[in-house]
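All remarks here apply to the structure that follows.
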There are 2 protein chains.
Amino acid sequence: MSYFDAASAAPLHPVARQALQASLDEGWADPARLYREGRRARLLLDAAREAAAEAVGCRPDELVFTPSGTRAVHSGIAGVLAGRRRVGRHLIVSAVEHSSVLHAAEAFEADGGTVTRVPVSRAGAVTPETYGEALRPDTALACLQSANHEVGTVQPVTEVAAVCRAAGVPLLVDAAQSLGWGPAQGDWSVLTASAHKWGGPSGVGLLVVRKGVRFAPRGPVDERESGRAAGFENIPAIVAAAASLRAVRAEAAAEAVRLRELTERIRARVPELVPDVEVVGDPVRRLPGIVTFSCLYVDGEALLHELDHAGFSVSSGSSCTSSTLTPSHVLKAMGVLSEGNVRVSLPTATPAEEVDRFLSVLPGVVAGVRKKLGAPSVRTAAHEDALVVDALGKRCPIPVIELAKVIGDVPVGALVRVLSDDEAARLDIPAWCEMRGQEYVGEEPAPRGAAYVVRRLS
Amino acid sequence: MSYFDAASAAPLHPVARQALQASLDEGWADPARLYREGRRARLLLDAAREAAAEAVGCRPDELVFTPSGTRAVHSGIAGVLAGRRRVGRHLIVSAVEHSSVLHAAEAFEADGGTVTRVPVSRAGAVTPETYGEALRPDTALACLQSANHEVGTVQPVTEVAAVCRAAGVPLLVDAAQSLGWGPAQGDWSVLTASAHKWGGPSGVGLLVVRKGVRFAPRGPVDERESGRAAGFENIPAIVAAAASLRAVRAEAAAEAVRLRELTERIRARVPELVPDVEVVGDPVRRLPGIVTFSCLYVDGEALLHELDHAGFSVSSGSSCTSSTLTPSHVLKAMGVLSEGNVRVSLPTATPAEEVDRFLSVLPGVVAGVRKKLGAPSVRTAAHEDALVVDALGKRCPIPVIELAKVIGDVPVGALVRVLSDDEAARLDIPAWCEMRGQEYVGEEPAPRGAAYVVRRLS
């Protein structure tokens, strides 16, 4: 039973549990009241704010607690956009932000704003130059995650913050994945984070707005949390969040070294153990605990199911997992393979033996899924000078499997056209070409779906 | 040590604590994930939703969990207003709603909407007729609390819901104060509630939207809670909320009888024990655990401080308590005395002895505060045919004390003018007249503040 999905939610840290239980008795009353139960609650809230601010590296009066990281992002973005409305209505985000940032950007667009989505490298990183190019005189806000939640790539926050600062544009840093490891670097203006990512309880986010940043809270407000997060404060959870942040920080330096070694082991061994695998994300500038790879010719949902059966809980950015039918926007923006995608994100204190067991189990699981997908029937027909693979109505990873099976049937230099109406094909066929040393010629319109044209090079 | 402020926040119910602790181990993972930890979390969330829906009297798919009652109110009002935007932009609320409803109404006004605030009787209740008169062809939504949070008066929700239904207007019922006692009555369309009011943990609200009600969530959304409450679900707290709602309901019938007897004791005894007191709120149609009274010639903050010192935690709608400088909008709308206001709201299981001790302590505390306020210097001057009391710059309850001291100095039928720039005087001088059988003639403009004109009748 190995839980390898800490980037979604980390199990409760023992310190968080202790703090939560201890403060259930002291922290349930209204901290705005003057009687003793209220004063006790207020003391706990103030102490938690001090501790969280110290860990973030900000003043306590710059930090408010929100009901989740998502709410911190939504409120933070909306508040700066409203506060700087007179500057203009342009927002910059990276293409690989967390969905909460992208949802806020979509809501802003629906409300008449303009959004620039900064592209990333194949490793998942933005560059300060592309942020610099995206800046406009009417830019109200730029957003950049401290590190990516799906592939672990660390972003150049210090450099991007400097570019934004020079242009007088505030930078909001979504530090959800990194705050447990250390404070966000650089001269940022707004910061958001989420306690359950570092082993704190659910129900607590952080929103930090530096003094001097124009900020106008949106929607109905009340007197709580400086008017930036309406509703009764969840003090026991806030206390637990602050206490566990302090605790994980105390362990961070040693644990980062240990987890980095474990994820490095996965990065190195998986391509040796499993054929046709692409490890994605920056190999060096990355979070300690996250490693992500994609397996050709594998159905992501089947893979997750088999890994779960073998006792491993991981997540996937493949299109055919859970309720989503499109591949992860992160993998898409990176232009890497999404099929058979697996993200391993290790919680702190993961024993090395669990990683070794994962490495011993994975090859058989992948081989089993590939075998089950078997050799689907292929209908091919001559079409001008090219072979046509009709994969219409077939879902990821079938179109790529069909392509792989016929590429050897055409002479070097000839074309294969894959007809597919699966959204994932648009990402996975070019990625397959890159991995296999074939040429991706491009996409052609077709009566249904699209035709993806590939030239055999080898 | 008696905590008598359950209407602000109830102490954690033992069942809530047990459920919270038990689900910390099972409920921390992402319920959207397909691996075993995710499936366990999903099971807990589904079971909690079923239990809460049963207690509310709705379908599970009509109920979502929000991060607080306030967020439920904000999202519920904004969602219906947006969903019914084509009908019109008119909103009806009662004048005595919780501040979260009034804040949402203010935000709607700032956004160009129109709001009608329905007045209440001196007992704090609306009438179905006034709601009927407020309805317009462009009314998108009406809101009414199930019972008032400051004075305990139960509202005629069934009748108001019928009036609204006949006009095709949805009614949102804020059931925060009553849901622990029983389901909201009548044919409402939207319901909101808050777990920490019934002994559940902080951080959980309920938003119920009946099938068929047009609802368009506002702002950025995600896939959680049917797109109506963004952000990672706080499942341990949700489980504890649902479990404690079930538990308090099981005790509700017996506890209601017991607490009603205790609050009736306070209602009856306080005017006997303390001179110059007005008990406010409906004497019959009221919540079991809330009783509110106001003491003439008393500073609310001093009274709370002394009661805290004597071991009683209560709240006050007086103007001079805590950070607020205006009297409670509820007392204002009722037109009752706000000075020396005390709300006693008993948690379930409050022992009768604590109430008796409160009754034995209160007279001395009130007398002590009155004595401390002493006999402030009064400057009086002839002004036409009337005595003028200059209470400019003096805060509640001094203006009323000054008035009371001089009323006997003028002949029956003559006038006293009280000059005051304290907002509370506008409420408290008419309320004093009503209590003392004097005539409140009206308010006249004055160079500073206003002149409140009183005719001596007895």
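The values are calculated or read from the model by the stated rules, or taken from the named source; none is laboratory data. If you're wondering where the values come from, they're calculated on a predicted model, not measured in any experiment. Note that each Cβ is placed from the backbone with ideal geometry, even for glycine, and that neighbours are counted across all protein chains shown. For accessibility, only protein heavy atoms count, side chains too; no ligands or nucleic acids. Shrake-Rupley method; radii C 1.70, N 1.55, O 1.52, S 1.80 Å.
Among the trypsin sites (Lys or Arg not before Pro) found in region A:166-240, those both in a DSSP coil and sparsely packed, with 11 or fewer other Cβ atoms within 10 Å of their Cβ, are A:Lys211.
When the P(r) is computed for chain A, the part past 35 Å accounts for 37% of the Cα-Cα pairs.
Near B:Gly152: Cβ cut-off under 11 Å, other residues only, Lys/Arg at +1 and Asp/Glu at -1. The net charge is +3.
Report the calculated FRET efficiency for A:Ala166 and B:Arg258 (r = Cβ-Cβ distance, R0 = 56 Å), to the nearest 0.05. Calculated transfer efficiency: 0.25. Its relative contact order, with pairs defined as Cα atoms under 8 Å and 6+ residues apart, puts region B:9-248 at 29 percent. Using the empirical formula 2.2 N^0.38 Å as the baseline, the Cα radius of gyration of the protein assembly as shown reaches a ratio of 1.09. Remark: mean inter-chain Cβ contacts per residue of A:74-81 equal 1, using a 10 Å Cβ-Cβ cutoff to other protein chain atoms. Over chain A, Cα pairs under 8 Å with separation of 6+ residues give a relative contact order of 16 percent. Here the label points at B:Leu373 and A:Leu373, each 7 Å from Cα along the C-beta direction, are separated by 8.1 nm in the simple model. Full extension of the segment from B:Asp61 to B:Gln21, taken as 0.36 nm per residue of separation minus the current Cα-Cα distance, would add 11.8 nm. Distance from the Cα centroid of region A:182-214 to that of region B:219-253 is 25 Å (rounded to whole angstrom). Over every Cα atom in region A:9-248, the radius of gyration and the widest Cα-Cα span, Dmax, amount to 17.6, 58 Å. Per-peptide packing, taken as the mean over residues of other Cβ atoms within 10 Å, places A:366-373, B:6-13 in the sequence B:6-13, A:366-373 from highest down.
Spatial offset of region A:85-120 relative to region B:5-66 amounts to 33 Å, using the alpha carbon center of each. Its DSSP H runs of at least 4 residues, each contributing -39,500 (n - 2.57), put the calculated 222 nm mean residue ellipticity of chain A at -12500 deg cm²/dmol, to the nearest 500. By the Stokes-Einstein formula, at 1.306 mPa s and 10 °C, region A:187-231 with its Kirkwood radius over alpha-carbon pairs has D equal to 131 µm²/s.
For peptide B:2-9, the mean count of partner chain Cβ atoms within 10 Å of a residue's Cβ comes to 4.
Across the accessible surface of chain A, with the other protein chains kept in place and a 1.4 Å probe, carbon and sulfur atoms take up 54 percent.
Going toward the positive end of the dipole of region A:226-268, with +1 on Lys and Arg Cβ and -1 on Asp and Glu Cβ, which of A:Thr263, A:Ile235, A:Ala253 do you reach last? It is A:Thr263.
Partner shielding of B:17-28 amounts to 3, given as the average count of beta-carbon atoms from other chains within 10 Å of each residue beta-carbon. The simple spin-label model puts a point 7 Å past each Cα toward its Cβ; for A:Asp111 and B:Tyr440 those points are separated by 4.1 nm.
The share of alpha-carbon pairs in region A:263-348 lying farther apart than 22 Å comes to 19%. Entry comment: accessible area of region B:252-372 is 36 Å² per residue, from protein heavy atoms only and a probe of 1.4 Å.
Within the shell of other residues whose beta carbon sits under 12 angstrom from the beta carbon of B:Ser244, the net charge comes to +3, with Lys and Arg scored +1 and Asp and Glu -1.
A Cβ-based charge dipole, computed about the Cα centre of the protein assembly as shown with Lys and Arg at +1 and Asp and Glu at -1, lands at about 160 debye. Scanning chain B for GluC sites (Glu not before Pro) that sit in a DSSP loop and have at most 14 other Cβ atoms within 10 Å, the longest stretch containing none of them is B:1-222.
Among the lysines of the protein assembly as shown, pairs at least eight places apart or on separate chains and with Cα atoms under 22 Å apart come to 12. Restriction of the trypsin sites (Lys or Arg not before Pro) in region A:85-150 to DSSP coil positions whose beta-carbon has at most 16 other beta-carbons within 10 angstrom yields A:Arg85, A:Arg86, A:Arg122.
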